[in-house]
Amino acid sequence: MMRYLCLLVLVSLASTAQAHQLSTAYLDATVDSTGQVELQWQARFYDWERAVGLDQDRNGELQWGEVLNGAERLEQYAQQNLIVARGDHKCQLAFSGPWKTEQHFREGYLVLPMRAQCPLAGELTLRYHAFFEQQRDHKLIVTVDHEGAERPGSAHTRLIHEDQPLIAVSDAGGSLLKTVVEFVKEGVIHIWIGLDHILFLLSLLLTCVLVRRRGAWQSESNTRRVVSNTFWVVTAFTLAHSVTLTATALGWVTPSSQWVEVVIAVSVALAALNNLYPIIRRLSWMTFVFGLIHGFGFAGVLGELGVPADQAVPSVLAFNLGVEIGQLSIVLLILPLLMAARNYRWYSKVVMPALSLIVALVAILWVIERV
């Protein structure tokens, strides 16, 4: 029986914040000239609990003793869902060294050291199926280092998800094109599942088809002006979050993730309330200021995904491009509907205020939850 790190951890499994964060695991692999692969697999305690049931007393908190008691189930699950192979031969996977704990983005992770002995001939592949059944958007960030490569110590990073559970571990390093495509797709997905970003954008678009006259919202009949209003709002948001996303992802600034999440919720609430009580008339300026904060949020997600050290700039640019593509698709979906509804009095009198109020209330609840 393997030796375990003797410490007590207490991990809360009941936090709603955990359930809403991205489910991301990390795998560091080192391949040597003898065919041996050293692995360090890090996955959230929250994901392990949902997969194999470690919380024995069902109190929503996980203790280290409960982790040890579930070691057999955990090891069996790991060996079934993480498969290293060379050609047609499956490499024998064994657990090595003490288990450890780690923390990423205020969440507890279990670190499993493993070793796989593989043949020398054939293509080295990695197949991964863990946690997809519990959370379809789960991802594994794989960092591979080949000892004795042309650039010793240089590592490359690949991404595994449900639609791509198998990767080839090549000494040549990760393909730039594959990296760009993967990070563009991740950027699109994030803006689509990022409800706070969508509601912020929606709050701004609701009044882009209206004009304020004599203290009341009225339909903006000039289509060109509607398009112009939307263009400047979207451009301000894009420029702002691109600046902070890039600066944070490249390590130039490191804001508190909790503070960022709170301010993002505040920005959504203020944008929605401004529709009801329009104090700020120049939406593009407000959008730019709050867009800077949203960029920090995008960078947090990119940090969870992991930025390849040897392809940092292309990865950041690709992710940002994906965010813009996803954002543009949302605008192209919502704006025509708002333009069609703007000429009806019930839009400016009922629909816009009601939607703004709902968004504001949701955002206020987020602020309370995140503080």
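Could you go through the range 202-209 and let me know if any residue there is within 19 Å of L270 (Cα to Cα), surrounded by 14 or more Cβ atoms within 10 Å (Cβ to Cβ) and among the hydroxyl-bearing types (S, T, Y).
Yes, the conditions are met somewhere in the range 202-209.
For the range 194-204, does any single residue satisfy the condition of being among the β-branched types (V, I, T) and either touching a residue at least 24 places away in the same chain (Cβ under 8 Å) or in a helix (DSSP H, G or I) (or both)?
We begin by selecting, within the range 194-204, every residue among the β-branched types (V, I, T); these are 198.
Cutting the leftovers down to either touching a residue at least 24 places away in the same chain (Cβ under 8 Å) or in a helix (DSSP H, G or I) (or both) gives us 198.
Checking the range 194-204: at least one residue is among the β-branched types (V, I, T) and either touching a residue at least 24 places away in the same chain (Cβ under 8 Å) or in a helix (DSSP H, G or I) (or both).
Condition test on F231, is it in contact (Cβ under 8 Å) with a residue 24 or more places away in the chain, not basic (K, R) and not in a loop (DSSP other than H, G, I, E, B)?
On the way: in contact (Cβ under 8 Å) with a residue 24 or more places away in the chain: no; not basic (K, R): yes; not in a loop (DSSP other than H, G, I, E, B): yes.
Considered against the rule, which asks whether it is in contact (Cβ under 8 Å) with a residue 24 or more places away in the chain, not basic (K, R) and not in a loop (DSSP other than H, G, I, E, B), F231 comes out as no.
Please enumerate the residues belonging to the range 42-72 that are surrounded by fewer than 17 Cβ atoms within 10 Å (Cβ to Cβ), free of Cβ contacts under 8 Å to residues at least 60 places away in the same chain and closer than 15 Å to T101 by Cα.
Filtering the range 42-72 down to residues surrounded by fewer than 17 Cβ atoms within 10 Å (Cβ to Cβ) leaves 52-53, 56-61, 65, 68-69, 71-72.
Going one step further and asking which of them are free of Cβ contacts under 8 Å to residues at least 60 places away in the same chain, we end up with 52-53, 56-61, 65, 69, 72.
Passing the criteria: only G65.
Name the residues in the range 26-70 that are within 18 Å of P113 (Cβ to Cβ), in a helix (DSSP H, G or I) and out of contact with any strand residue (DSSP E or B) (no Cβ under 9 Å at 6 or more places or on another chain), would you?
L68
Take the residues in the range 75-131 that are among the acidic types (D, E) and assigned to a loop (DSSP other than H, G, I, E, B), then tell me which one is surrounded by the most Cβ atoms within 10 Å (Cβ to Cβ). Can you show your working first?
The initial filter retains those residues of the range 75-131 that are among the acidic types (D, E), namely 75, 88, 102, 107, 123.
Checking the rest, the ones that are also assigned to a loop (DSSP other than H, G, I, E, B) come to 88, 123.
On the way: D88: 8, E123: 11.
Only one residue fits best here, namely E123.
Report, by residue number, each residue of the range 300-318 that is under 20 Å from Y109 (Cβ atoms) and at pLDDT 80 or above.
Those that are under 20 Å from Y109 (Cβ atoms) and at pLDDT 80 or above: none in the range 300-318.
Here's the yes/no breakdown for (1) within 17 Å of the chain's Cα centre (by Cα); (2) hydroxyl-bearing (S, T, Y):
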{"position": "V268", "(1), (2)": "no, no"}
{"position": "R282", "(1), (2)": "no, no"}
{"position": "F296", "(1), (2)": "yes, no"}
{"position": "L337", "(1), (2)": "no, no"}
{"position": "Y344", "(1), (2)": "no, yes"}
{"position": "V351", "(1), (2)": "no, no"}
{"position": "V371", "(1), (2)": "no, no"}
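Looking at the range 27-41, which of the residues that are crowded, with 20+ Cβ neighbours inside 10 Å and either among the aromatic types (F, W, Y) or modelled with pLDDT of 90 or more (or both) is nearest to L140 (Cα to Cα)?
Quick first cut of the range 27-41, residues crowded, with 20+ Cβ neighbours inside 10 Å only: 27, 29, 31, 37, 39, 41.
Imposing the further condition that a residue be either among the aromatic types (F, W, Y) or modelled with pLDDT of 90 or more (or both) reduces the set to 27, 39, 41.
Working: L27: 7, L39: 13, W41: 9 Å.
Ranking the qualifying residues of the range 27-41, first place goes to L27.
Among the residues that make up the range 171-189, is at least one of them within 24 Å of E369 (Cβ to Cβ) and assigned to a helix (DSSP H, G or I)?
Within the range 171-189, the subset within 24 Å of E369 (Cβ to Cβ) is 189.
From what's left, assigned to a helix (DSSP H, G or I): 189.
So far as the range 171-189 goes, yes, one or more of its residues are within 24 Å of E369 (Cβ to Cβ) and assigned to a helix (DSSP H, G or I).
The values are calculated or read from the model by the stated rules, or taken from the named source; none is laboratory data. This structure is a prediction, so every number in the text was calculated from the model and none was measured. All Cβ positions, glycine included, derive from the backbone under ideal geometry; neighbour counts span all protein chains shown.
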